[in-house]
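*Asks:* Let me give you the structure first, and then I'll get to my questions.
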Amino acid sequence: MTSGPSVVALGGGHGTAVTLRACRRYAGSITAIVSVADDGGSSGRLRELLGVPALGDLRKCLVALAAADSTLAATMDHRFIEGEMAGHALGNMLLAGLIEQEGGLVEGIGAAARLLEVNGTVLPATEIPVRLSATGSTGTTVGQAAIAQAESVDIIAMDPPDAPPPDAACDAILSADQVVIGPGSLYTSVLAALLPTGIREVLRRTDAQRVFVCNLRPQVPETAGYDVEDHLAALERHGVEVDIVLCDTSAGMSLGEPRFPVRDQMLAGSNRLVHDPSKLAEHLAGLIA
């Protein structure tokens, strides 16, 4: 690691992977705390077969922090296309094997990090499989994949509700200079990583600068019609407060009237669909400076 701030990234999926690629440009140390609640695709099949937490988002974050010339990292996202392995990502299978060999989720992730020469630390939000449920105007929806297609979500919960985060995750938040929340699917990735009570407690206690990186546009149907203010209201409903918000309303997200300080900056990549890691790094580094 180079000299620089200690940064923790919270969330899951492609959004947190982009944040991690941004953090590599300015952070001295990086810790990713990643949701393990996914129950669709390869991750869901391995959950049912092996009883492990969801591995897909962990894989994405490990790859985002891997050595640039790692051949293994380049093949972690390879998906088999035929036979019983069809749809499975190679990296998910590797993680499952390492978890079994090393005797635990955190230990297995650590072994993968060493193989990939990861520049940082990747930790699960919880060490046991959890299932999400959501309530909204249309009733209750169970399961991450189903919630992502729900047309109304107000509150999201985790089963079991007391699934603890690793101690190392809480320690990282308490000792961080900056905690970056998002971007990503608001309920099924970002808030899914924030549900463990221990994580929300240390987020309230930490002296770190807490930054929320808002999505570039509403995610249909999960957050259809949302503006920046609606995203922040969802965080508050779940007991999460932040110090400052980064957003890019030029990319399609309306601002509303958020009560937290907002920096509206050009963050979108050339395709206008995802955040550009270099732009995100510039503005995150500017906030902490």
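*Asks:* Return the single residue from GLU236, GLU222, GLU117 with maximal mean-square fluctuation; model: Gaussian network over the chain, springs between Cα atoms under 10 Å.
*Replies:* Greatest mean-square fluctuation among the candidates belongs to GLU236.
*Asks:* For segment 89-162, what is Rg from Cα atoms divided by 2.2 N^0.38 Å, rounded to two decimals?
*Replies:* Normalised Cα radius of gyration, segment 89-162: 1.43.
*Asks:* Expressed in nm to one decimal, what extension gain is obtained for the pair ARG114 and ALA145 from 0.36 nm per residue of sequence separation less their Cα-Cα distance?
*Replies:* 8.1 nm
*Asks:* Along each of the three principal axes of the Cα atoms of the chain, give the extent in whole Å, ordering the values from largest to smallest.
*Replies:* Sorted largest first, the three principal extents are 50, 49, 38 Å.
*Asks:* With both partners inside the chain, how many of the DSSP beta bridges are antiparallel, as a percent to the nearest 5?
*Replies:* Of the beta bridges lying entirely in the chain, close to 30 percent run antiparallel.
*Asks:* If you wrap a convex hull around the alpha carbons of segment 188-267, what volume per residue comes out, as a whole number of Å³?
*Replies:* Value for segment 188-267: 91 Å³ per residue.
*Asks:* For the chain, what's the relative contact order in percent, using C-alpha pairs closer than 8 Å and at least 6 residues apart?
*Replies:* Reported as a whole number, the value is 19 percent.
*Asks:* Pairs of alpha-carbon atoms within less than 8 angstrom and 6+ residues apart define the contacts here; what relative contact order does segment 134-289 have, in percent?
*Replies:* Relative contact order of segment 134-289: 19 percent.
Only the coordinates and a few stated rules stand behind these numbers; no lab work does. A quick note: this is a predicted structure, and the numbers were derived from the prediction, not measured.
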